[in-house]
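In what follows, a single structure is set out as structure tokens and then discussed.
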Amino acid sequence: MNTIIPLRDIMGLPFKAAEGGVLPKTSRGMRYFFDRMGLPTTITEYSGNTATAVNYSDLPPETQVAWLQRRVGVDPAGTNPALWEAFGLATPKTISEAEHRHTIICAVQAQIDSSATWGRALSETSKETGTDVQSIRRWYARVDSVPRADWLPALAPGWKPGGVPAEVSTEAFRFFLSYIENASAHSPIKKAYRETAEAAALNGWAWPSYGTIMRCYSKMDAGTKALLRSGVKAFDKTQPAMDRSVAHLQAMGIVNMDGRMADVFVIWEDGTISRPIIIAIQDVYSRKMLGWRVSKTEDADTTKLVVLDVIDRYGLFDGLRTDNGRAFASHKVSGGARHRFRGKMGGDEPPGILTLMGAQVGFALPENGRAKPIERTFGDHAREIDTCPEFREAYCGHKPDAKPEDFAGKAVPIALFREVYDREINALNARTGRRTEMGKGKLSFDQVFAESYAQRPRRDITAAQRRFFMLDAVYLKPNKDTGALTSNGFRYWAPEHQNTLLAHHHGKVAMMFDPTDRSKPVMVLNREGRVIIDSLPCLKKGKFDSTEDARQHERGKAQRKKAARAAIKGLNLMNESELNNLRKRSQEARPDPVPPASETNVSAPLFGLPGAAASAPASEAEIVTGNFGATPQEPNTRARDLEAGLQRLVHERLKERQRFAS
């Protein structure tokens with residue numbers, strides 16, 4: 001049976017997801033329906049032409065059964081639905097064999113209907129089809145008591161009238177799937193079947209043949225089986241990738257950046273031999289390669305140079321997409337951007353060059369090369385540039401087992417490598433007939449880019465900004481006493497900037513320095529990115545055994561001390577006598593402290609003190625007035641009695657101490 005079915009052969013058949021439960025009855029309607037539903041289609045030959053077709057296995061069961069019935073000219077109204085539904089789930093091989101048998105039996109029946117005898121009909125059909133008579137007898141006997149509309153499913157191999165599906169224990173199938181989940185992805189399913197058969201024999205589970213189990217297993221969703229057996233990555237492979245459109249973009253709107261190791265050995269200027277790294281930036285809209293550089297490693301410094309090359313040539317871009325490579329997701333390049341999938345995302349992260357220029361930086365998911373168009377272009381480079389005649393004996397292939405036979409282990413000069421790469425990338429940009437969304441099979445990358453770039457206002461950076469972008473940044477906390485900034489053994493400080501630095505000693509500031517010479521003056525920015533010190537010099541280190549360096553340091557400190565004393569003298573401060581007189585007058589003008597008045601005259605009783613007379617319980621009048629031990633008309637003498645008792649206690653203690661001392 002041909003599993004590829006032209007769409008025109010299934011027009012008007014049942015399809016539950018279609019409007020009214022029936023497929024469209026026109027070729028155009030069928031193509032639109034399958035596109036809208038996202039069903040996979042293909043192109044096949046049909047009657048000498050090409051036609052859009054669909055795979056039999058991609059159709060729902062009701063459409064499969066209806067198509068089989070249409071092939072043999074059966075009216076669905078006179079069929080056994082359960083029998084045909086089971087037949088529709090059979091394998092293509094089983095269906096093909098059933099169709100073969102059905103053709104032979106129909107030929108026998110046609111001769112019988114034309115007044116031929118039973119024996120003659122068998123012999124004639126056997127000669128015409130090359131099938132032995134006994135097989136035809138068995139097949140005919142199988143459908144002898146079956147309505148003709150059900151002959152095709154009845155003739156399927158293994159079919160028996162009144163048969164029931166084999167029983168599969170739920171617990172056994174759970175054991176089978178659990179074994180698959182916990183075993184290695186490379187473990188054969190037949191091993192899981194044998195393990196389950198042993199467990200079923202011990203536990204009395206119903207466990208049919210391997211073929212029956214595989215049919216049950218095949219009914220599970222492809223994504224579920226992949227996730228169960230291999231994990232998330234295998235599941236992702238069962239899902240179609242998203243098609244991304246760039247029609248709404250423009251040139252230099254979004255660029256993407258990546259690096260690759262060339263499959264060619266080169267000899268560098270210093271005599272070392274290795275495979276070079278090409279770091280490149282590509283325009284997403286046109287697919288044009290905008291800039292590239294060759295280096296020994298994929299480092300942040302080379303990446304910054306590539307970015308600045310593109311800005312110098314075409315101006316600033318709006319956004320950039322890259323991966324989480326060590327160079328692209330470094331603090332120097334994309335510091336301050338989020339979701340880099342690399343590094344610490346702390347508040348003390350220095351701003352990178354892309355963040356400072358205001359570009360929207362996005363990072364593709366790790367191990368997802370389809371998210372960056374430049375990966376496709378790198379494939380062209382590997383096939384068309386690395387294999388150039390100039391690199392013949394230096395080309396090593398992209399992996400050890402792909403090494404060509406003519407590889408001689410030689411290396412080409414790096415100057416030649418750069419020359420060939422520049423020439424070939426420019427040729428790839430200029431090649432016409434590009435089958436991209438914007439190339440449309442006619443234009444080149446250069447033409448698409450030029451047409452859109454002409455309509456885009458160019459945004460440039462100044463020379464000062466370019467120098468600024470060449471600096472590296474680090475967040476430091478000024479010394480709480482001096483305000484000095486210290487980094488990698490270098491100390492930066494100046495007396496005229498000390499107050500500015502001390503004002504930020506509770507937090508951190510961004511220090512921008514030249515990575516090629518850290519002894520040069522640095523620029524200091526606050527946490528908001530505003531420049532607070534334009535040029536902060538680096539303090540010169542003195543030799544450990546140099547008295548001259550020590551004298552110069554002390555001389556500078558003495559000069560600053562003298563200047564500080566002169567500044568204090570210029571403030572015209574008060575002398576000690578004036579200060580004391582004013583302080584004395586201020587102290588005399590202070591009012592005498594007034595003891596706080598108690599809000600109530602209720603006092604807590606103290607018991608057991610010497611001289612304290614026992615008192616009777618307080619009456620209701622005493623509780624109301626607060627005058628315990630006194631009538632409401634008499635003054636309260638409780639405080640005087642307490643003071644007298646304390647004086648007597650102190651006097652007695654002194655007498656005891658004197659007596660003990662004598």
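The values are calculated or read from the model by the stated rules, or taken from the named source; none is laboratory data. Because the structure is a prediction, the values reported are computed rather than measured. Glycine also receives a Cβ, built like all others from the backbone with ideal geometry; neighbour counts cover every protein chain displayed. Only protein heavy atoms, including side chains, enter the accessible area calculation; ligands, DNA and RNA are left aside. Shrake-Rupley method; radii C 1.70, N 1.55, O 1.52, S 1.80 Å.
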**Residue ID - most open to solvent (accessible area, probe 1.4 Å), chosen from residues in the range 27-48 that are without any contact (Cβ under 8 Å) to a residue 24 or more places away in the chain and either in contact with an Asp or Glu (Cβ under 7 Å, 6 or more places away or on another chain) or charged (D, E, K, R) (or both)** = 28
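Among the residues of the range 41-66, what is the count of those that are touching a helix residue (DSSP H, G or I) at 6+ places or on another chain (Cβ under 9 Å) and either acidic (Asp, Glu) or closer than 16 Å to residue 156 by Cα (or both)?
Of the residues in the range 41-66, the ones touching a helix residue (DSSP H, G or I) at 6+ places or on another chain (Cβ under 9 Å) are 41, 46, 51-54, 56-57, 59, 61-66.
After this cut, where a residue has to be either acidic (Asp, Glu) or closer than 16 Å to residue 156 by Cα (or both) as well, the list is 62, 64-65.
Within the range 41-66, residues that are touching a helix residue (DSSP H, G or I) at 6+ places or on another chain (Cβ under 9 Å) and either acidic (Asp, Glu) or closer than 16 Å to residue 156 by Cα (or both) number 3.
Filter the range 287-302 down to the residues that are touching a residue at least 60 places away in the same chain (Cβ under 8 Å) and among the hydrophobic types (A, V, I, L, M, F, W, C), then identify the one that is most open to solvent (accessible area, probe 1.4 Å). Step through it out loud before you land on a result.
So in the range 287-302, the residues touching a residue at least 60 places away in the same chain (Cβ under 8 Å) come out as 287-289, 292, 294, 301.
Among the residues that remain, those that are also among the hydrophobic types (A, V, I, L, M, F, W, C) are: 289, 292, 294.
Values: 289: 6, 292: 43, 294: 22 Å².
By that ranking, first place goes to 292.
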**Request:** Six or more apart or on different chains, Cβ under 7 Å: which pairs go from a residue in the range 220-249 that's exposed (fewer than 10 other Cβ atoms within 10 Å of the Cβ) to one that's not aliphatic (A, V, I, L, M)? Could you list them?
**Result:** 245/437; 247/437
**Prompt:** Can you tell which of 411, 394 is in contact (Cβ under 8 Å) with a residue 40 or more places away in the chain, small (Gly, Ala, Ser), within 23 Å of residue 270 (Cα to Cα) and in contact with a Lys or Arg (Cβ under 9 Å, 6 or more places away or on another chain)?
**Reply:** 394
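Can you tell me which residue is modelled with the lowest pLDDT among those in the range 303-329 that are polar (S, T, N, Q) and buried (at least 19 other Cβ atoms within 10 Å of the Cβ)?
So the first thing to find is which residues in the range 303-329 are polar (S, T, N, Q), and the list is 303, 322, 324.
Then drop every residue that is not buried (at least 19 other Cβ atoms within 10 Å of the Cβ), which leaves 303, 322.
Details: 303: 86, 322: 82.
In this case the residue turns out to be 322.
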**Request:** Can you work out which of the residues in the range 551-590 that are open to solvent by less than 90 Å² (accessible area, probe 1.4 Å) and outside any helix (DSSP H, G or I) is nearest to residue 539 (Cα to Cα)?
**Result:** 570
**Request:** Take the residues in the range 459-500 that are under 22 Å from residue 517 (Cα atoms) and of a type in the set (Val, Ile, Thr), then tell me which one is least open to solvent (accessible area, probe 1.4 Å).
**Result:** 474
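Residues are listed down the side, and each one gets a yes or a no for (1) more than 30 Å from residue 4 (Cα to Cα); (2) open to solvent by 50 Å² or more (accessible area, probe 1.4 Å); (3) free of Cβ contacts under 8 Å to residues at least 24 places away in the same chain; (4) not aliphatic (A, V, I, L, M):
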residue: 57; (1), (2), (3), (4): no, yes, no, yes
residue: 72; (1), (2), (3), (4): no, no, no, no
residue: 88; (1), (2), (3), (4): no, no, no, yes
residue: 99; (1), (2), (3), (4): no, no, no, yes
residue: 129; (1), (2), (3), (4): no, yes, no, yes
residue: 132; (1), (2), (3), (4): yes, yes, yes, yes
residue: 158; (1), (2), (3), (4): no, yes, no, yes
residue: 169; (1), (2), (3), (4): yes, no, no, yes
**Message:** Residue pairs, Cβ under 6 Å, 6 or more apart or interchain, first in the range 428-457 and closer than 18 Å to residue 383 by Cα, second part of a helix (DSSP H, G or I) and of a type in the set (Phe, Trp, Tyr). List them.
**Reply:** 429/445
**Request:** Of the numbered conditions (1) within 30 Å of residue 312 (Cα to Cα); (2) at pLDDT 85 or above, residue 461 fails exactly one; give the number of that condition.
**Result:** (2)
**Complete:** Among the residues of the range 185-220, the number that are in contact with a Lys or Arg (Cβ under 9 Å, 6 or more places away or on another chain) and not in a helix (DSSP H, G or I) is 2
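Could you run through the range 399-446 and say how many residues are aliphatic (A, V, I, L, M) and in a helix (DSSP H, G or I)? Explain how you work it out, then say what you get.
Step one: filter the range 399-446 for residues aliphatic (A, V, I, L, M), giving 402, 408, 411-412, 414-416, 420, 425, 427-428, 430, 438, 443.
Next, from what is left, pick out any that are in a helix (DSSP H, G or I): 402, 414-416, 420, 425, 427-428, 430.
The total comes to 9.
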**Asked** Of the residues in the range 250-265, how many are closer than 30 Å to residue 389 by Cβ, open to solvent by less than 50 Å² (accessible area, probe 1.4 Å) and part of a strand (DSSP E or B)?
**Response** 5
**Request:** Please give the strands (runs of 3 or more DSSP E) falling wholly within the range 462-534 in which 3 or more residues are within 30 Å of residue 567 (Cβ to Cβ) and not aromatic (Phe, Trp, Tyr).
**Result:** 522-525
